[in-house]
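To keep things clear, I will list the structure first and then write my remarks on it.
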Amino acid sequence: MIRTLCFKERRYIEELRILTRATALDCIIDERFDRIVYLIKEGDMGLAIGRKGSNIRKMQRVLGKRVEMVEYSPDIETFTKNAFKPAGVTGVMRGDDGRLTVYVNKGDLGIAIGKGGCTIEKARLLLSRYFDTELGEVIVEEEGHA
C-alpha cells in the first residue's frame, strides 16, 4: 500500500513537470477531499499555474482529480500565507505551546477554512510535514492584533 502511494506521488510529480515545466518538491494525495496537493518550488508558481490557470485545468483533466498548488518558502510565515491563499492572511504567531495562530482578514474566514475544512487540513498537513509545527486556531483579525 505505502509502496503504491510513493509510486503514485512520483508519477504525479513527473506528470506536472512534463505538462508545465515547473518543479514540484512534493505531492500529497488527499483521498479525504479527492484532490492532489502539489508543493511547488519557490519561483515556479507562475509556470505551474499557467496563463489564467490553464495548466491547473490541464492537470485536472489528465489526472481526474482536483489539483491544488502551494508555493514553498523556507520562511514559516510566508509558507503559511501561501498555504491559505487566496485568503488574506494578515499575521502568523507561534504560541507558547508551539502551535501557530493564523490571523485572516474579516471577509476571508470562509476561504481560509475551505469547504468542509479542506484549506485548513491542507495547511495542517503541510506545516506538520515541513516545519514540524501544529496549526492552532484561525482567527479573524481584530483591531490591534498581528
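The values are calculated or read from the model by the stated rules, or taken from the named source; none is laboratory data. If you're wondering where the values come from, they're calculated on a predicted model, not measured in any experiment. Ideal geometry is used to build each Cβ from the backbone, glycine not excepted, and the neighbour counts take in all protein chains shown.
List of remarks:
- Considering (1) modelled with pLDDT of 95 or more; (2) part of a helix (DSSP H, G or I); (3) farther than 26 Å from V140 by Cβ, the lone condition that A83 does not fulfil carries the number (3).
- The residues on offer are M59, M69, and the sole one that is closer than 29 Å to R21 by Cα and within 15 Å of the chain's Cα centre (by Cα) is M69.
- One residue stands out in the stretch 49-72 among those that are β-branched (V, I, T) and assigned to a helix (DSSP H, G or I): the one that is farthest from E31 (Cα to Cα), namely I49.
- Among all positions in the stretch 69-86, there is no residue which is loosely packed, with under 14 Cβ neighbours inside 10 Å and either aromatic (F, W, Y) or within 20 Å of Y12 (Cα to Cα) (or both).
- Of all residue pairs spaced 6 or more apart or on separate chains, those with beta-carbon atoms under 9 Å, a first member in the stretch 90-112 that is surrounded by fewer than 13 Cβ atoms within 10 Å (Cβ to Cβ) and a second member that is polar (S, T, N, Q) are G95/T101; G98/T133.
- Hey, D132 charged (D, E, K, R) and touching a residue at least 24 places away in the same chain (Cβ under 8 Å) or not: no
- The stretch 119-139: number of residues that are surrounded by fewer than 18 Cβ atoms within 10 Å (Cβ to Cβ) and basic (K, R): 2
- Residue list for the stretch 9-40, restricted to those being surrounded by fewer than 16 Cβ atoms within 10 Å (Cβ to Cβ), not acidic (D, E) and not in a helix (DSSP H, G or I): R21, L25, I29, R32
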